[in-house]
Amino acid sequence: MYSGDPLLAERRLKERLNSLGPVRKLVFFGDEITPERLLLEAQTPDLFGEKRAIVVRWADPLRGERDLAHALRAHLPENVAVFFLGEDLRGPLASSAEEAEHFPRPTSRAFRELCETLMQEAGLSVHPFVVDLLVEAAGGDTLRLAQEVQKFAVWKGGKLPRTRLFELCFYGQPQPYEFLDAVGGGDRRAALIALDKLLRTRWNPQVLFHLLVGHMRGLLATLSAANANENPEGPEWLVRRRLSQARRHGEPRLITALVLLQDLDVRIKLGELEPADALHLFILQWVPA
C-alpha cells in the first residue's frame, strides 16, 4: 500500500517491482474494478506460471473493504503480489498489508533534493540556476517536476542558451513569463504584444488571468516581506526580479492592481466580461502608457 504524493508512491512501486525480478504487470483502477473482480484476477492461476504483479491505482474507494483485505491476506498465491496506490489508504486494507507506506508532500528543501535526484537520474548536470527554474515551473507538483526534467533531458549533450531555458517550461512556447514580466515591469506595449501571442497560440485566457493574479500577489508579498526584514519565499533570482518590479510600483499601486483584478474576476463570474477582455482591460487601466 503506497499512498500520499503520487510521484513518490510511483517511485516506490517501481523500486519494489524491480526487486521482484521478471514479473507480468496487470494495471487496474480502484474506481473501475470491483473487489470480486480483483480477487478473481489475483487468485486465478497464471496459464504459464509467471509471477504477476497486480497494480491498482486510485485505490481510495477500496480502502474500507474488510472482506477484500481478509481474502488477500489469507488466500493470495505465492507468485502474486498486489499493490494499491492512492491519496490516503488508511483503513482495513492498509492494516492487513505486508507493507504500507505513506509519502507526505515534500517540503521545499526535499522538493529541491528530489529535483536534483531526478536530474541526476536523467543524466543531467545539476546547476543551481536550473534547479531553481525547474522548482518554480513545477509549482510544488512532483509529477509536473518529473515531466519538466524529462523535457530538459531531451537537450542532454546539446547546447542551449541560458535565456532559452525558460521556453522549455510551462508546457510549450510561448510561455507566460514574457507576459507577466511585461506587466510587472510596467511595459504596456510589450504586455499587449505578449498577451496577443499567448492567445493566438490557444493559451486559456482564464488560466492566464489567474497566473496574473498570482504574479501580482507574489510581487506584493515579496515587497511586504522585504519591508519587514524577512526572507521572501522563492529562489534567489526570482526574489530579486520580483522585488525589482514591486519597488518600481510601490505597495499602494500593487494593492490597487489586486482590487482591480478582483473586480474584473467578479465581472467574469457574472458573465459581464470574457477572461481575454478582462486581461486587456487590466493592462489598459493599470499599466502606464
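The values are calculated or read from the model by the stated rules, or taken from the named source; none is laboratory data. Predicted model only: the values in this text are computed from it and were never measured. Every residue, glycine among them, receives a Cβ derived from its backbone with ideal geometry; neighbour counts consider all protein chains shown.
Apart from one condition, Ala221 fits all of (1) surrounded by fewer than 19 Cβ atoms within 10 Å (Cβ to Cβ); (2) in a loop (DSSP other than H, G, I, E, B); the exception is (2). Report yes if some residue within the stretch 183-205 is under 21 Å from the mean Cα position of the chain (by Cα), at pLDDT below 85 and under 25 Å from Phe129 (Cα atoms); otherwise report no. Looking through the stretch 183-205, none of the residues is under 21 Å from the mean Cα position of the chain (by Cα), at pLDDT below 85 and under 25 Å from Phe129 (Cα atoms). Only residues that are buried (at least 17 other Cβ atoms within 10 Å of the Cβ) and not in a helix (DSSP H, G or I) were counted across the stretch 195-218, and they come to 1. Listed by position, the helices (runs of 4 or more DSSP H) enclosed by the stretch 57-127 that each have at least 1 residues that are in contact with a strand residue (DSSP E or B) (Cβ under 9 Å, 6 or more places away or on another chain) and either among the polar types (S, T, N, Q) or buried (at least 16 other Cβ atoms within 10 Å of the Cβ) (or both) are 66-75, 92-96. Listed by first and then second residue, the pairs linking a residue in the stretch 257-273 that is in the same structural domain as Gly214 (by TED's automatic domain parsing) to a residue that is loosely packed, with under 11 Cβ neighbours inside 10 Å and among the aliphatic types (A, V, I, L, M), with Cβ atoms under 7 Å apart and 6 or more places separating them unless they lie on different chains, form an empty list.
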